[in-house]
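Beneath this line is the structure, given in structure tokens, with notes to follow.
Each reported figure results from applying straightforward, stated rules to the coordinates on display, with no laboratory input. None of the values given here were measured: they were computed from a predicted structure. For neighbour counting, all protein chains shown are included, and Cβ atoms are generated from backbone atoms with ideal geometry for every residue, glycine included.
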Amino acid sequence: MESSIVSAENFNAYFGDNHVVKDVNIKIKKNEVVAVMGPSGCGKTTFLRGINRMHELIPGATTKGIMKLDNEDVYKMNVIYVRYKIGMVFQRPNPFPNLSIYENVIAGYLLNGLKVSKADKDVIVEKSLTSAALWKEVKDSLHKKGTFLSGGQQQRLCIARAIAMEPELILFDEPTSALDPISTSSVENLFHELKTKYTLIIVTHNMQQAARVSDRTAFFYLGELVEFDETKTMFTNPKDKRTQNYITGRFS
């Protein structure tokens, strides 16, 4: 039996009295790509932010139920350890504007006060940028600002920054929605390479992207996890009428 890296048990999330994620139960396996899709306001990003405890940073935001990483309750772990094990890449590329490309990659080490030798930093930077398919493009510009890069390159830099901490899981919140088609394609190609080492959970509005990059897909609607299945099955033979309606464009 394949082990789960993430499992939610009756997981709920609230903004004050607003119940935005409702009794979600899901098990996500190691080294798979899971797409999370659904209409705007359905709770998919809140669910994602519940996995690494970013939800609780919002005033009045609360959770109920259990979220596990490697069979340990995330909400009972040290939050710094949680962020160390779970990388996150956001909708818009957000390299630190005052840092160089090199410093952006090792920012996690700097921010957490982790002592790393210059030689080790060099290895981490090259390895992370190589894994993010960016090394060849920036190896001669490592000390230029990260904001000097194009949008697609900046997003791959943010992926390199996440990889540098050697997480087990990387969360992506609509990572290509601000990118042009060519940059989107390069990031999508990267997903296939990254899943050999990491588990990826990708929130996307783009159904074609979910079909292209994921092994399994979760469909959220009005805060509920309606369906979770193999991506091919989900798109060709969904079990729930609401999934069918969403995929065929009857509502969005």
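Brief remarks follow.
- Of the residues making up region 103-119, those that are polar (S, T, N, Q) and either more than 20 Å from Leu157 (Cβ to Cβ) or touching a residue at least 40 places away in the same chain (Cβ under 8 Å) (or both) are Asn104, Ser117.
- Gly87 surrounded by 15 or more Cβ atoms within 10 Å (Cβ to Cβ) and either closer than 15 Å to Phe172 by Cα or in contact (Cβ under 8 Å) with a residue 40 or more places away in the chain (or both): yes
- Annotation note: Cβ proximity below 7 Å between a residue of region 169-194 that is of a type in the set (D, E, K, R) and a residue that is in a strand (DSSP E or B) (sequence gap 6+ or interchain) occurs for Asp173/Val203; Glu174/Val203.
- Some residue of region 38-60 being touching a residue at least 40 places away in the same chain (Cβ under 8 Å), in contact with a strand residue (DSSP E or B) (Cβ under 8 Å, 6 or more places away or on another chain) and part of a strand (DSSP E or B): no
- Filter pass, Leu225 being over 28 Å from Val123 (Cα atoms), outside any helix (DSSP H, G or I), in contact (Cβ under 8 Å) with a residue 40 or more places away in the chain and over 16 Å from the mean Cα position of the chain (by Cα): yes
- Meets criteria (farther than 25 Å from Asp215 by Cα and either buried (at least 20 other Cβ atoms within 10 Å of the Cβ) or in contact with an Asp or Glu (Cβ under 8 Å, 6 or more places away or on another chain) (or both)) for Gly65: yes
Conditions (1) over 20 Å from Lys197 (Cβ atoms); (2) within 21 Å of the chain's Cα centre (by Cα); (3) assigned to a strand (DSSP E or B), marked per residue:
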residue	(1), (2), (3)
Asn31	no, yes, no
Thr63	yes, yes, yes
Met67	yes, yes, yes
Tyr84	no, yes, no
Met88	no, yes, yes
Arg92	yes, yes, no
Pro97	yes, no, no
